[in-house]
Each structure stands twice: as C-alpha cells, then as structure tokens.
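The values are calculated or read from the model by the stated rules, or taken from the named source; none is laboratory data. Because the structure is a prediction, the values reported are computed rather than measured. Here the Cβ positions follow ideal geometry from the backbone for every residue, glycine too, while neighbour counts run over all protein chains shown.
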Amino acid sequence: MISYTVVRSNRKTLALQVRPDGVTVRAPRRCTDAEIERFVSSRTEWIEKTLTKLKMRRQRLEAVDPLSEEELRSIRAEARRVIPERVKYYASLAGVTYRSITIRLQRTRWGSCSSRGTLSFNCLLMLTPPEVLDSVIVHELCHLKEMNHSKRFYEEVLRIYPDYYRWNKWLRENGDVLMRRARGDA
C-alpha cells in the first residue's frame with residue numbers, strides 16, 4: 001500500500017503529484033476517502049514506477065563530479081567556436097536573421113531569444129550530443145518568427161529539424177546532470 005497525503009480544495013477532479021518526498025493526492029472537497037483510495041490503488045503501478053525513476057535520478061545527480069575551472073574554460077572556448085557556425089547554418093534554413101549571439105555558462109537555461117534578436121546559448125551544450133545542440137539552436141531561431149510556443153512555432157521547428165522531440169527529450173532526461181556538474185554542488 002502506498003502512503004500519501006490528501007489536499008482537498010475547490011477543484012473538480014482528482015490528481016496525483018509524485019515527488020521524491022512523497023505522494024500527494026489533490027482532491028475535490030466532496031470526494032470521499034473511499035474514492036481517493038480507489039483512485040490511488042488504480043494507479044499504484046504508475047506511482048511505483050515514477051518513484052523508482054525519481055530515486056534513480058537522485059542517485060545519478062549525487063554521483064556526478066563537478067567540472068574544474070580549466071574544464072569550464074575549455075568548454076566555453078569550444079562553444080564560442082562551434083555555436084556561431086551552427087547558428088549561421090540553421091538561420092539560413094529558417095530564413096531568419098539575428099542580431100548577436102551570447103555564449104555563457106547559465107545555471108538554468110539552455111538557450112534564449114530576445115525580441116531584439118539576441119540569441120543566448122549555454123556553453124554546457126558542448127557536453128551534449130551534437131543533435132541536442134542543433135535542436136536548441138533551431139528552437140531559439142524559430143522564436144525569431146514566433147515568440148511563443150504555439151502550434152505554428154513547433155511546426156516551424158519540425159520543418160527545420162524533424163528529430164527535435166527526440167533530442168529535446170534527451171536534454172530533459174540528462175540536462176540536470178550537466179547543470180549540476182557546472183554548479184559544483186554534486
């Protein structure tokens with residue numbers, strides 16, 4: 001049996017929230033304890049699978065070695081050499097122009113695009129497969145056409161880079177480890 005906390009509110013449906021510190025069921029005020037128990041029981045396999053994934057992720061994060069200052073300098077230099085070339089290539093495919101490129105060690109983002117056309121990229125992208133770098137570049141360049149994440153935006157991303165979702169998933173699943181290495185809080 002899975003232990004969980006119940007939070008009742010004015011919501012209309014039941015929802016599960018699985019975090020490393022436990023399981024929370026968000027329930028409508030009128031929902032009975034029996035209904036909540038059935039709801040949790042019907043999702044036991046998914047909850048256990050999710051808790052296992054979270055535990056493995058935590059172990060993976062704890063096992064990383066921080067990057068040295070020398071390694072970070074080398075990564076920055078490589079990024080300054082490689083990223084502008086890739087941006088130029090994909091900008092021509094996207095049919096867009098950009099104002100400038102900034103490459104930094106960022107703590108939370110892989111890339112960004114300002115409304116003025118300034119593109120910014122995390123130098124840690126050099127630690128990812130080249131396809132991940134390309135997917136982030138295409139994502140940011142497409143913001144020069146659509147400054148949102150609408151259906152039209154993703155249609156443009158996929159037109160230029162059909163494997164976008166595959167490599168975006170890789171970054172979602174592995175990016176936190178790279179960020180942790182750069183922060184040195186391993």
Exception for T108 within (1) in contact with a helix residue (DSSP H, G or I) (Cβ under 8 Å, 6 or more places away or on another chain); (2) not assigned by TED's automatic domain parsing to the domain that holds L178 falls at (2)
For W170, the lone unmet condition from (1) of a type in the set (F, W, Y); (2) under 25 Å from E71 (Cβ atoms); (3) at pLDDT 95 or above is (3)
Among the candidates S92, S68, S74, which residue alone is small (G, A, S) and farther than 22 Å from E131 by Cα? S68
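Residues checked against (1) farther than 18 Å from D163 by Cα; (2) part of a helix (DSSP H, G or I); (3) touching a residue at least 60 places away in the same chain (Cβ under 8 Å):
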position	(1), (2), (3)
Y98	yes, no, no
I101	yes, no, no
R107	yes, no, yes
S112	yes, no, no
L125	no, yes, no
V132	no, yes, no
S135	no, yes, no
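Provide a single number: the residues in the range 137-156 that are of a type in the set (A, V, I, L, M, F, W, C) and not in a helix (DSSP H, G or I). Lay out the reasoning, then the answer.
Taking the range 137-156 and keeping what is of a type in the set (A, V, I, L, M, F, W, C), we get 137-138, 141-142, 144, 147, 153.
The next check asks that each one be not in a helix (DSSP H, G or I); those that pass are 144, 147.
Here the count works out to 2.
Take the residues in the range 34-81 that are of a type in the set (A, V, I, L, M, F, W, C) and more than 22 Å from the chain's Cα centre (by Cα), then tell me which one is farthest from L119 (Cα to Cα). Before the answer, list the steps.
Step one: filter the range 34-81 for residues of a type in the set (A, V, I, L, M, F, W, C), giving 34, 36, 39-40, 46-47, 51, 54, 56, 61, 63-64, 67, 72, 75, 77, 79.
Of the ones still in play, those that are also more than 22 Å from the chain's Cα centre (by Cα) are 34, 36, 39-40, 77.
Working: A34: 53, I36: 47, F39: 46, V40: 45, A77: 17 Å.
Only one residue tops the list, namely A34.
Which of the residues belonging to the range 7-27 are exposed (fewer than 14 other Cβ atoms within 10 Å of the Cβ) and touching a strand residue (DSSP E or B) at 6+ places or on another chain (Cβ under 8 Å)? Break it down into steps so the answer makes sense when it comes.
Within the range 7-27, the first condition is being exposed (fewer than 14 other Cβ atoms within 10 Å of the Cβ), and the residues that meet it are 7-13, 15, 17, 19-22.
Within the range 7-27, V7, R8, S9, N10, R11, K12, T13, A15, Q17, G22 qualify.
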Restricting attention to the range 102-123, the residues that are out of contact with any Lys or Arg (no Cβ under 9 Å at 6 or more places or on another chain) and surrounded by 12 or more Cβ atoms within 10 Å (Cβ to Cβ) number exactly 7
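Could we say that V25 is touching a helix residue (DSSP H, G or I) at 6+ places or on another chain (Cβ under 6 Å), of a type in the set (A, V, I, L, M, F, W, C) and either free of Cβ contacts under 8 Å to residues at least 12 places away in the same chain or not assigned by TED's automatic domain parsing to the domain that holds I137 (or both) here? Explain how you work it out, then say what you get.
Values: touching a helix residue (DSSP H, G or I) at 6+ places or on another chain (Cβ under 6 Å): yes; of a type in the set (A, V, I, L, M, F, W, C): yes; either free of Cβ contacts under 8 Å to residues at least 12 places away in the same chain or not assigned by TED's automatic domain parsing to the domain that holds I137 (or both): yes.
So V25 fits the description; yes.
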Looking at (1) at pLDDT below 95; (2) farther than 18 Å from L178 by Cα; (3) touching a Lys or Arg at 6+ places or on another chain (Cβ under 9 Å), find the lone condition where F153 falls short. (1)
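Please work out if A27 is at pLDDT 95 or above, among the aliphatic types (A, V, I, L, M) and on the phi < 0 side of the Ramachandran plot. Please lay out each step first, then the result.
Values: at pLDDT 95 or above: yes; among the aliphatic types (A, V, I, L, M): yes; on the phi < 0 side of the Ramachandran plot: yes.
Taking the combined requirement at face value, the residue satisfies it.
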